[in-house]
Amino acid sequence: MSQAGSISGSGGGGGGPIDTLTGNTGGAVSPLAGNINIVGDGLTLTVSGNPATHTLTVTNLAQTQANVTTIDATPTPLYMQVVSPNTILAFNATITAVDSTNTQGMVATCVTAAYTHGGGVTLVGVPTIGINQDFGTPVNINAVVTATDLEIQVIGVAATTIYWSAVITTVIS
């Protein structure tokens, strides 16, 4: 359990300085020279400090939310990420879509990966895409590569406004 106290005589908090911080595992951590560092691994989690607001912001680098609106059947990027040299990048996305009248919907999964090869980006096999929908005219999802990116594209319906949302988990190695 964390303990919090006031920073100064006029600031919020409880009854005194912070003695320890305790996480899910590993035991209580006490300050050194009045400071306790909170750090992520830099690959999947980062912690950014803002001294002006006395705030630590924890960011999950392995999971991202993406949103886009389509108004026709043109392939539209929902999410893209650069595939760095000498790496493989994998996506696991859960995607939802609903039309502007809330009368048609869709849920889908997309699992795909790409790696750099000879200066370009190459898909690993065939993307696995599963779609469950009740659109009169089917919507679609593609995973494609560009010169440097792995991209998830969504394809709506002509003359129909569709709101797309996704949570994408990435793995980079």
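The values are calculated or read from the model by the stated rules, or taken from the named source; none is laboratory data. Everything quoted here is computed from the prediction, not taken from an experiment. Methodologically, a virtual Cβ is constructed for each residue, glycine included, from the backbone with ideal geometry; neighbour enumeration extends over all protein chains shown.
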- Message: So, VAL157, is that one surrounded by 16 or more Cβ atoms within 10 Å (Cβ to Cβ) and at pLDDT below 95 or not?
- Response: no
- Give the residue, chosen from THR53, THR59, that is of a type in the set (Val, Ile, Thr) and assigned to a strand (DSSP E or B). THR59
- Message: Conditions first: (1) surrounded by 14 or more Cβ atoms within 10 Å (Cβ to Cβ); (2) touching a residue at least 40 places away in the same chain (Cβ under 8 Å). GLN133 passes all but one, so which condition is the exception?
- Response: (2)
- Query: Considering only residues of the stretch 94-109 that are in contact with a Ser or Thr (Cβ under 7 Å, 6 or more places away or on another chain) and within 24 Å of SER173 (Cβ to Cβ), which is surrounded by the most Cβ atoms within 10 Å (Cβ to Cβ)?
  - Reply: THR109
- Message: Quick check on the stretch 120-135. Is at least one of its residues among the small types (Gly, Ala, Ser), in a strand (DSSP E or B) and at pLDDT below 95?
- Response: yes
